[in-house]
Amino acid sequence: MENDLRTIKDELTKIYPKKVARKRSDQIVVTQHDANGSVPEIKANVRTTPGIITQRGCTYAGCKGVVIGPSRDILSITHGPIGCGFYSWLTRRNQTRPPSASDDNFITYCLSTDMTEEQIVFGGEKKLRAAIKEAYELFHPKAIAIFSTCPVGLIGDDVHSVARQMKQELGINVFGFSCEGYRGVSQSAGHHIANNALFKNVIGLDDSTIPEKFKINLLGEYNIGGDGFVIEELLARCGIKLVATFSGNSNYDALANSHTADLNAVMCHRSINYVAEMMEKKFGIPWLKVNFIGAEGTAKSLRKIGQYFDDAELAAKIERVIAEEMPAVEAVREQVKARCQGKTAMLFVGGSRAHHYQVLFNEMGMKTVAAGYEFGHRDDYEGRKVMPTIKVDADSKNIEELEVSRDELRYRPRKTEEEIAKLAAITELEFMDYKGMMPEMEDDRLVIDDISHYETERLLEIYKPAIFCAGIKEKYAVQKMGIACKQLHSYDYGGPYAGFRGAINFYREIDRMANMKVWSFVKAPWQQPEPQPQQPQAAAD
Ligand code: CFM
């Protein structure tokens, strides 16, 4: 098996020039666990070689689209050419539900300064100021966020000083992001930039406290296809109060008040671990890795939260909710297992779903034979324990590391030192830790970072998996090869897939897709008959 996998690895990289092949080869590993549970090292979070078709997005996308965009009442203005605004408008299926029709909801709007040649030559700050004023007069939001696109950094517009001026002039919170598309190697840089600005400008502005006993924030849950709604409902049934979600179905006030929670439950480690760490340092809120994808994952995550609060009544409530939900899940799981057992899946998405969704496939009896992140870092693959050994390159240095210290007035330890030590000793709790994707995978699986389009096609030819999970850019190319493709970013038109109810949706959908007869009718290009060489025309005379 190991030999076969090495051949596959060679097969994927042999087309590249030597230097590129070497680099790609460090980004492709075969899972192996050694005696102490360590996994091989992978190269990640490095630039994509120009000329290679990558799945990645840009820094602006990570900041505006991913982290801040889902918050419904922060008015987002894209400072840049109209295309950046237009193409980042409503493509992520992040849903929101304002409490009433009169509450602000700006998600459906697309605001841009429409930067043109004139601003590129003479500067765009004047136009940005005018745009903020106009937006304020139209919407009267509590907060306005300004997002920089590539030309902003190139011509040197200072969005931060404009934000400061306008904040003073309008009397509302206005803050900017230096999230130019080129700032980092992928959208991951945009997450970090967004986290920093949220921390500096929003978190901690409202100290009022709510009386509830078990108060948490959910970090890194963006309510794609309604996932957040399912989790919110589950937590409420367990008696756990959600102060804020970063940032699915969230609002500005909740984010400003989030430092009053007693636990940060981290769903997507990649996009938001910075906030978790900074809140811990400044306010004393511990964090816990959770995964509400998969019925078993959901049950485990609820129990983890219960263990953290260490309260018998809460634990009993959680068990009751799990017991109420499981029979329906198990009934559907048994049905689909009969048809899906042993089928193969591949997952190439983002920075956490390629890991999280393996839980769902396992539950269905399906095997994940290859997986990878678009922009994950080594810690997302190998676990946080490798963080001290990660080389800080020029691209990472480009992003500000905030100096965070304890807030002398508001730091409040949620647990005693002994309690913390006790929680840290429970391995499966992953208390303030993330073990990463690879340790949970079986041996002899392929893990590929920042997979290229070429590698995708070769993999599909070699493995012919029952289902390939990726995004819209890959979807139709995969389907034309006769293989089902599930979009794990936007969920196609489906979802929610989180929680127990979501697991049932997922089982049914994957069962239908992977077992559809239609795929056998698609002839892949390499299955077509070879074109016959043309006969030379007989010479006249
Ligand atoms: Fe986190 Fe996400 Fe993801 Fe992500 Fe994304 Fe996304 Fe994703 Mo698309 S925040 S890393 S930047 S879980 S938009 S909701 S699906 S690539 S795996």
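The values are calculated or read from the model by the stated rules, or taken from the named source; none is laboratory data. What you are looking at is a predicted structure, and each value in this text was computed from that prediction instead of being measured. We place every Cβ from the backbone using ideal geometry, glycine too, and count neighbours over all the protein chains shown. Just the protein is used for accessible areas: all its heavy atoms, side chains included, with ligands, DNA and RNA removed. Shrake-Rupley method; radii C 1.70, N 1.55, O 1.52, S 1.80 Å.
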Given the conditions (1) open to solvent by 10 Å² or more (accessible area, probe 1.4 Å); (2) out of contact with any Phe, Trp or Tyr (no Cβ under 8 Å at 6 or more places or on another chain), and given that N505 satisfies all but one, which numbered condition is not satisfied? (2)
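Here is a yes/no grid of residues against (1) hydroxyl-bearing (S, T, Y); (2) within 23 Å of the chain's Cα centre (by Cα); (3) open to solvent by 60 Å² or more (accessible area, probe 1.4 Å); (4) at negative phi:
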| position | (1), (2), (3), (4) |
| --- | --- |
| K9 | no, no, no, yes |
| Q32 | no, no, yes, yes |
| V39 | no, yes, no, yes |
| I53 | no, yes, yes, yes |
| G62 | no, yes, no, yes |
| R72 | no, yes, no, yes |
| W89 | no, yes, yes, yes |
If you go through segment 409-462 one residue at a time, how many are more than 24 Å from the chain's Cα centre (by Cα) and of a type in the set (V, I, T)? 5
Among the residues of segment 397-426, write down those that are exposed (fewer than 13 other Cβ atoms within 10 Å of the Cβ) and either closer than 26 Å to A354 by Cβ or not charged (D, E, K, R) (or both). S405, L409, P413, T416, A421, A425, I426
Filter segment 345-396 down to the residues that are open to solvent by 30 Å² or more (accessible area, probe 1.4 Å) and touching a Phe, Trp or Tyr at 6+ places or on another chain (Cβ under 8 Å), then identify the one that is farthest from the ligand (Cβ to nearest atom). K367
Kindly check whether there is at least one residue in segment 427-439 that is exposed (fewer than 14 other Cβ atoms within 10 Å of the Cβ) and within 22 Å of E280 (Cα to Cα). yes
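When the residues of segment 415-453 are filtered to those that are assigned to a loop (DSSP other than H, G, I, E, B) and touching a Gly at 6+ places or on another chain (Cβ under 6 Å), which remaining residue is farthest from R270 (Cα to Cα)?
Residue satisfying both the conditions and the ranking: I451.
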Name the pairs: first residue in segment 151-180 and closer than 18 Å to I120 by Cα, second residue among the basic types (K, R) and open to solvent by 10 Å² or more (accessible area, probe 1.4 Å), Cβ to Cβ under 6 Å, at least 6 apart or on different chains? V162/R129
Test of understanding: among I210, I216, which residue is open to solvent by 20 Å² or more (accessible area, probe 1.4 Å), hydrophobic (A, V, I, L, M, F, W, C) and either more than 13 Å from the ligand (Cβ to nearest atom) or modelled with pLDDT of 95 or more (or both)? I210
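Take residues that are touching a helix residue (DSSP H, G or I) at 6+ places or on another chain (Cβ under 9 Å) and in contact (Cβ under 8 Å) with a residue 40 or more places away in the chain and tell me which of the helices (runs of 4 or more DSSP H) falling wholly in segment 16-130 contain 1 or more.
Fully inside segment 16-130 and qualifying: 18-26, 82-87.
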